[in-house]
Ligand SMILES: *Cc1c(COP(=O)(O)O)cnc(C)c1O
């Protein structure tokens with residue numbers, strides 16, 4: 001069992017949907033699937049606006065968002081809350097954009113008041129875009145995107161709001177249009193239950209207007225040729241990612257069969273089960289949450305600090321002796337944290353199996369534990385059945 005925060009478990013239905021020979025790519029079924037996938041992805045991001053698909057991982061979608069909306073010399077404000085928004089900002093810098101980091105106080109979420117203050121100080125409106133993640137997969141913090149939008153509005157600032165939802169789309173409630181997001185970036189392999197290989201960029205009217213002026217536009221990622229429905233081949237700037245489109249079609253069917261709100265609720269319940277386990281395990285010198293405030297803990301991944309327990313050793317034993325692969329601690333968390341991915345195709349036996357195996361590993365290591373995390377998690381799951 002793999003319980004890492006992406007790539008997540010691929011459902012058998014999705015794997016089976018990919019297992020088909022090459023079709024006619026100029027007309028027929030594949031073209032219909034391609035357009036239906038685009039329409040339905042927009043329902044997942046809750047937008048009426050277009051989605052652009054990059055044949056890449058999430059980093060490619062980051063680049064697609066940057067190159068289509070920004071120009072050399074522009075400045076972006078990166079809202080730090082872990083690793084990922086900063087990485088996105090660094091990519092913008094490589095493209096010739098100036099990236100200013102609004103430092104966060106890890107492990108807290110982005111502070112909307114600090115953002116409002118910084119934007120108010122930008123009297124010449126130099127900042128072209130604000131970059132933030134909804135969920136940072138390293139720290140497992142969830143940022144409040146609505147509060148961030150309100151802060152931008154309160155400062156009366158024209159910057160684009162660009163949100164990385166790679167670790168949260170299909171897991172956490174999200175409303176691209178209603179929340180006034182300009183760019184939403186997502187990818188297949190986390191909450192969307194499809195192997196890595198496609199990135200998605202959702203754009204607002206304002207982002208499409210910025211595209212008209214953007215001078216970072218390039219040959220491959222440029223949105224312009226990708227908008228003509230009569231020229232399907234150009235939508236992907238070449239041969240369509242056939243297997244991934246079939247996979248995405250099946251995954252979207254599964255999400256709609258369950259109902260998107262039910263999918264969000266399932267993630268919340270299973271995340272609550274993980275959190276109940278961590279709380280029960282918590283003991284002096286033992287395990288604890290990385291994110292202190294309960295309302296900022298994400299429903300797709302949990303970063304667990306391990307105190308005196310060696311996190312690498314814990315992961316090694318869990319994997320080699322019990323067949324459970326856990327997420328590594330990223331950056332400063334190596335050896336002192338591990339992560340449980342609870343995103344995408346996940347149900348109670350899977351999460352209870354993961355938590356039970358962690359508890360067995362802690363037991364064999366003689367790690368300090370207050371009480372059984374499995375019992376606490378089962379109580380949460382049971383109450384929601
Ligand atoms: C996984 C992830 C990425 C990177 O996606 P890749 O597909 O590995 O390029 C970016 N941002 C967040 C929040 C992620 O979780």
- Query: Taking the Cα atoms only, what angle lies between the long axis of helix 260-281 and the longest principal axis of the chain, rounded to 10 degrees?
  - Reply: 40
- Using the alpha-carbon atoms, what tilt in degrees (0 to 90, nearest 10) does helix 58-69 show relative to the longest principal axis of the chain? 30
- Could you let me know the centre-to-centre spacing of the range 355-376 and the range 1-45, using Cα atoms, in angstrom? 37
- Note on the structure: Computed, not fitted: 222 nm per-residue ellipticity of the chain from DSSP H runs ≥ 4 (each -39500 (n - 2.57)), nearest 500, equal to -13000 deg cm²/dmol
- Note on the structure: From the Cα centre of the range 251-299 to that of the range 86-139, the distance in Å is 26
- Message: Relative contact order of the range 260-384, please, whole-number percent, based on alpha carbon pairs below 8 angstrom and at least 6 residues apart.
- Response: 35
- Note on the structure: Scoring the chain by relative contact order with C-alpha pairs under 8 Å, at least six apart, yields a percentage of 23
- Item | Considering only the range 53-147, percent of DSSP beta bridges that pair antiparallel, nearest 5 | 10
- Using alpha-carbon positions, what is the distance between the centroids of the range 317-332 and the range 190-225, in Å? 34
- Task: Could you check what % of the DSSP bridge pairs in the range 12-257 are antiparallel, to the nearest 5?
- Result: 35
- Query: Once the Cα atoms of helix 29-45 and of the chain are each reduced to a long axis, what angle between those two axes, in degrees from 0 to 90 to the nearest 10, is obtained?
  - Reply: 70
- Task: Rank-order 377-383, 259-265 by packing density, defined as the average count of other C-beta atoms within 10 Å over each peptide's residues, highest first.
- Result: 377-383, 259-265
- Query: Any idea what the relative contact order of the range 118-269 is, in percent, if you count C-alpha pairs under 8 Å spaced at least 6 apart?
  - Reply: 18
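Laboratory data are not the source of any read-out in this text; all were calculated from the coordinates shown. Bear in mind the structure is a predicted one, so any value in this text is a computation, not a measurement. When we count neighbours, we look across all protein chains shown, and the Cβ atoms used for this are built from the backbone with ideal geometry, even at glycine.
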